[in-house]
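The numbers here are math on the coordinates, done by the rules we state, and not lab data. Predicted model, so just to flag it, every value in this text is computed and none were measured. Positions of Cβ are generated from backbone atoms using ideal geometry, with glycine treated the same way; all protein chains shown enter the neighbour counts.
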Amino acid sequence: MALTKLRLALVVPVVALAAVLVPVAHAQAAPVVAAPVAAAEPVPPSPVITRCDKGNACAWTKPKGLGKGWQVHESQPGCYNVTDNNKLGAPARSVYNNTRKAVTYFRNNNCTGRNFTLQPGQWSDFAGGQPMDSQVWSFRVPR
C-alpha cells in the first residue's frame, strides 16, 4: 500500500507537468512560413568598391582594399610598378579591376614573372593568393 501511495505521489506531479509543457512544445514547433526571397545581387567588395573610381585599375597595400591605395585609368595603357615610391611604394596585397578591359597583375616589377588576369569588375582580396605570395608588384593595362 505504501508503495502505491509513493507511485501516485511521483506520477501525479509528472502528469501535471506534462500537461503544462505539451502545449508549449507544440506552440514552439509551429511551422515557419518563409516569405519568397528575390534573387540576391552580387555584393561588391567592401571598402574596395567605394575607393576605386569607375574606369580604373586599383591596388592597395593591405588585403581587402585597405591601406594605402593607388589607381590608374584605363585610358593610360602600359605597365605600372606599384612598388615605385610615387605609387604604393610597396607590393599590393589587394587589387580591383574597375575598367572595361582585362588587366594582368604580376609578381615582379616590369610586368614579369608569375601573373593572373582579372576581367572587368573582378577583384582579388589577397592579391592572387598563394601562387603570387599574395603580392602584386606590377600590372599591365592593355590598349
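Being farther than 21 Å from Arg51 by Cβ, of a type in the set (S, T, N, Q) and more than 24 Å from the chain's Cα centre (by Cα): is that true of Thr83 here?
Numbers: farther than 21 Å from Arg51 by Cβ: no; of a type in the set (S, T, N, Q): yes; more than 24 Å from the chain's Cα centre (by Cα): yes.
The answer is no for Thr83.
What number of residues in the range 71-82 are buried (at least 17 other Cβ atoms within 10 Å of the Cβ) and assigned to a loop (DSSP other than H, G, I, E, B)?
Going through the range 71-82 one residue at a time, the tally reaches 2.
When both residues are 6+ apart or on different chains and their Cβ atoms are under 9 Å apart, which pairs have a first residue that lies in the range 106-121 and is over 15 Å from Pro142 (Cα atoms), and a second that is buried (at least 16 other Cβ atoms within 10 Å of the Cβ) and of a type in the set (D, E, K, R)?
Gly113/Arg107; Arg114/Arg107
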